[in-house]
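Report on the structure given below.
The values are calculated or read from the model by the stated rules, or taken from the named source; none is laboratory data. On a predicted model such as this, the values are computed, not experimentally measured, just so you know. Counting neighbours? That spans all protein chains shown, and the Cβs are built from the backbone with ideal geometry, glycine included. These area figures cover heavy atoms from the full protein model, side chains too; ligands, DNA and RNA do not enter into them. Shrake-Rupley method; radii C 1.70, N 1.55, O 1.52, S 1.80 Å.
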Amino acid sequence: MDVRQTLTDHKDEYIYYRTDHHWTSTGAYYAYKLLCDTLGLTPFDPSAHTVLTADGFYGTHYSKARTPDAEPDTITYYDLAERTRPSTLSAAP
């Protein structure tokens, strides 16, 4: 699945960490939503859950370069409480 256009559509948003090589939770969500849409699945609704953040994250780019003026990232995650139930998805044979 090619997510490049989806990420390009959101390029002005905080979809990549400044100090790491991974997508932020927002960037990952856009890719995940595209996957769900492609497979005909209902995606997780982030607005239905409490948003939590962890500030002061320095990723692997920072750990290698130790740039003194690096701006730390914020990790966003969701309090799922007991509002979701585990499920599995398996490929057709």
Legend entry - Subset of region 8-44 [aliphatic (A, V, I, L, M), in a loop (DSSP other than H, G, I, E, B) and exposed (fewer than 15 other Cβ atoms within 10 Å of the Cβ)]: L41
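The rows are residues; the columns are (1) over 26 Å from M1 (Cα atoms); (2) open to solvent by less than 70 Å² (accessible area, probe 1.4 Å); (3) outside any loop (DSSP other than H, G, I, E, B).
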{"residue": "S47", "(1), (2), (3)": "no, no, yes"}
{"residue": "V51", "(1), (2), (3)": "yes, no, yes"}
{"residue": "A54", "(1), (2), (3)": "yes, yes, yes"}
{"residue": "K64", "(1), (2), (3)": "yes, no, yes"}
{"residue": "A70", "(1), (2), (3)": "yes, yes, no"}
{"residue": "T74", "(1), (2), (3)": "yes, yes, yes"}
Legend entry - Residues located in region 16-47, provided they are under 10 Å from the mean Cα position of the chain (by Cα) and of a type in the set (A, V, I, L, M): A28, A31
Inset, instruction - Would you check if there is a residue in region 36-48 being of a type in the set (S, T, Y) and more than 23 Å from A91 (Cβ to Cβ)? - result: yes
Legend entry - Verdict on G56 being without any contact (Cβ under 8 Å) to a residue 40 or more places away in the chain and at positive phi: yes
